[in-house]
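Quick one: this structure, given as structure tokens, is what I'll be asking you about.
The values are calculated or read from the model by the stated rules, or taken from the named source; none is laboratory data. What you see is a predicted model; the values in this text were computed from it and never measured. Methodologically, a virtual Cβ is constructed for each residue, glycine included, from the backbone with ideal geometry; neighbour enumeration extends over all protein chains shown.
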Amino acid sequence: MKKRYNVSNLILYGFLGLTVLASAFPFFWMISGATNKSVDIVRGNVFPGLYLAENIKTLFTTAALGRAFLNSLRNTVSGTIASLFICSLAGYGFQIYRDKAKDRLMTVLLLSMMVPFAAVMIPLFRMFSQAKLLNTTLGIILPSLSTAFLIFFFRQNSVSFPMEIVQAARVDGLGEFGIYARIYVPVMTPTFAAAGIITFMGGWNNYLWPLIVLLKQESQTMPLLIAAITAGYTVDYGMLMLAVTICTLPTVIIFFTQQKHFVAGILGSVK
């Protein structure tokens, strides 16, 4: 029995090792490609090279990397904070307050998730154009401030929120917004962390809507910058790999620093 157990463990760890290798290899190739010449990457070289300094010089000379990075950071951080505030308030209200019509409204919100963005893209552009919100941070983040997924996510995690605390706070004279800010937010920290990671990654990697609403090069974000690098007749793959590596860093840092909270929030646990 012990021998069979060891063999099964060996097979399991071997499978997990291959899975990790297959998942991590694209990231390794991306980082390695940032240190190689374009011709070496085309030839299939996956080992690190000595061309990193030249790629950095070329990238910062030919592309406005700093401006695009700051644009993406400003749009994503402001959009994430605003979206967490609005969607958490909505999720809190859907779960805490008792009303017969709220379940029907939640059904409508969930049905809205079935509508593809391409179906509302043109009406949204016309609305934002008439409101003079093109090439603005508000024009980028406004469509994603309130999403049905995040509202549903907060509502489902709020099921385990202790109602006795809310009732005790009301008896003590604490207002509804005070309950939200001083009790709900601290207790639901893992949920906020998980929702923040999801929202940040979605906003940082957003390509289609910024492509439509940003008409000036000065407002260019990182995904648009990378797309512009690949739009030429000849592509410098070393510079491209370096730009993709820099674009990936914020999401990697956010995920690994908040990994424990992310797992707890996804599982719906409340500390």
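Which of (1) assigned to a helix (DSSP H, G or I); (2) out of contact with any Lys or Arg (no Cβ under 9 Å at 6 or more places or on another chain); (3) over 19 Å from Trp204 (Cβ atoms) is the odd one out, the single condition Leu73 does not satisfy?
All conditions are met except number (3).
What pairs come up if the first residue lies in segment 54-73 and is under 18 Å from Asn135 (Cα atoms) and at pLDDT 90 or above, the second is β-branched (Val, Ile, Thr) and not in a helix (DSSP H, G or I), and their beta carbons are under 7 Å apart, counting only those six or more places apart or on different chains?
As it stands, the answer is Ala68/Thr221; Asn71/Thr221; Ser72/Thr221, since those pairs meet every condition given.
Do the conditions hold for Pro210, that is, is it of a type outside the set (D, E, K, R) and either surrounded by fewer than 14 Cβ atoms within 10 Å (Cβ to Cβ) or without any contact (Cβ under 8 Å) to a residue 24 or more places away in the chain (or both)? Give the steps one after another, and end with the answer.
On the way: of a type outside the set (D, E, K, R): yes; either surrounded by fewer than 14 Cβ atoms within 10 Å (Cβ to Cβ) or without any contact (Cβ under 8 Å) to a residue 24 or more places away in the chain (or both): no.
Judged against the criteria, Pro210 is not a match.
Within segment 33-53, restricting attention to residues that are among the small types (Gly, Ala, Ser) and without any contact (Cβ under 8 Å) to a residue 24 or more places away in the chain, which residue is farthest from Gly238 (Cα to Cα)? Step through it out loud before you land on a result.
Narrowing segment 33-53 to residues among the small types (Gly, Ala, Ser): 33-34, 38, 44, 49, 53.
Okay, now just the ones that are also without any contact (Cβ under 8 Å) to a residue 24 or more places away in the chain, so 44, 49, 53.
Details: Gly44: 12, Gly49: 10, Ala53: 11 Å.
Selected residue: Gly44.
It is to be established whether one or more residues within segment 105-117 are in contact (Cβ under 8 Å) with a residue 60 or more places away in the chain and either part of a loop (DSSP other than H, G, I, E, B) or under 26 Å from Thr251 (Cβ atoms) (or both).
Of all residues in segment 105-117, those in contact (Cβ under 8 Å) with a residue 60 or more places away in the chain come to 117.
Filter once more, so that each one left must be either part of a loop (DSSP other than H, G, I, E, B) or under 26 Å from Thr251 (Cβ atoms) (or both): 117.
There is at least one residue in segment 105-117 that is in contact (Cβ under 8 Å) with a residue 60 or more places away in the chain and either part of a loop (DSSP other than H, G, I, E, B) or under 26 Å from Thr251 (Cβ atoms) (or both).
Select from segment 220-258 the residues that are in contact with a helix residue (DSSP H, G or I) (Cβ under 9 Å, 6 or more places away or on another chain), under 20 Å from Asn205 (Cβ atoms) and among the polar types (S, T, N, Q) and list them in ascending order.
Hits for segment 220-258 are Gln220, Thr221, Thr230, Thr245, Thr248, Thr251, Gln258.
For Gly79, all conditions in the list (1) surrounded by fewer than 18 Cβ atoms within 10 Å (Cβ to Cβ); (2) part of a helix (DSSP H, G or I) hold save one; what is the number of the exception?
(1)
Can you report the number of residues in segment 133-165 which are in a helix (DSSP H, G or I), of a type in the set (S, T, N, Q) and either surrounded by 14 or more Cβ atoms within 10 Å (Cβ to Cβ) or without any contact (Cβ under 8 Å) to a residue 24 or more places away in the chain (or both)? First the steps, then the outcome.
Just the residues of segment 133-165 that are in a helix (DSSP H, G or I), to begin with: 137-144, 148-160, 163-165.
Applying the additional criterion that residues be of a type in the set (S, T, N, Q) yields 137, 144, 156-158, 160.
Then drop every residue that is not either surrounded by 14 or more Cβ atoms within 10 Å (Cβ to Cβ) or without any contact (Cβ under 8 Å) to a residue 24 or more places away in the chain (or both), which leaves 137, 144, 156-158.
Count: 5.
Residues Thr221, Thr199, Thr234, Thr248: which one is among the β-branched types (Val, Ile, Thr) and without any contact (Cβ under 8 Å) to a residue 12 or more places away in the chain? Talk me through it step by step, then tell me what you get.
Values: Thr221 fails: without any contact (Cβ under 8 Å) to a residue 12 or more places away in the chain; Thr199 fails: without any contact (Cβ under 8 Å) to a residue 12 or more places away in the chain; Thr248 fails: without any contact (Cβ under 8 Å) to a residue 12 or more places away in the chain.
Sole residue among the options that is among the β-branched types (Val, Ile, Thr) and without any contact (Cβ under 8 Å) to a residue 12 or more places away in the chain: Thr234.
Yes/no per residue for (1) of a type in the set (Lys, Arg); (2) surrounded by fewer than 20 Cβ atoms within 10 Å (Cβ to Cβ); (3) part of a loop (DSSP other than H, G, I, E, B):
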| residue | (1), (2), (3) |
| --- | --- |
| Ala193 | no, no, no |
| Phe200 | no, no, no |
| Gly203 | no, no, no |
| Pro223 | no, yes, no |
| Gly232 | no, yes, yes |
| Val235 | no, yes, yes |
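Follow-up question, since we're still on this one. In segment 103-132, which residue that is aromatic (Phe, Trp, Tyr) and more than 20 Å from Phe149 (Cα to Cα) is surrounded by the most Cβ atoms within 10 Å (Cβ to Cβ)? Even if it seems obvious, please write down each step before you answer.
Here is the first cut: in segment 103-132, the ones aromatic (Phe, Trp, Tyr) are 117, 125, 128.
Then drop every residue that is not more than 20 Å from Phe149 (Cα to Cα), which leaves 125, 128.
Details: Phe125: 15, Phe128: 21.
Among them, the one singled out is Phe128.
So Leu249 passes all but one of these: (1) more than 14 Å from the chain's Cα centre (by Cα); (2) modelled with pLDDT of 85 or more; (3) under 30 Å from Thr61 (Cα atoms). Which condition number does it fail?
Of everything listed in (1) more than 14 Å from the chain's Cα centre (by Cα); (2) modelled with pLDDT of 85 or more; (3) under 30 Å from Thr61 (Cα atoms), Leu249 misses just condition (1).
I need the full set of residues from segment 166-191 which are of a type in the set (A, V, I, L, M) and either buried (at least 17 other Cβ atoms within 10 Å of the Cβ) or outside any loop (DSSP other than H, G, I, E, B) (or both), in order please. It would help to see each step written out before you state the result.
Initial filter on segment 166-191 (of a type in the set (A, V, I, L, M)): 166, 168-169, 171, 174, 179, 181, 183, 185, 187-188.
Within segment 166-191, Val166, Ala168, Ala169, Val171, Ile179, Ala181, Ile183, Val185, Val187, Met188 qualify.
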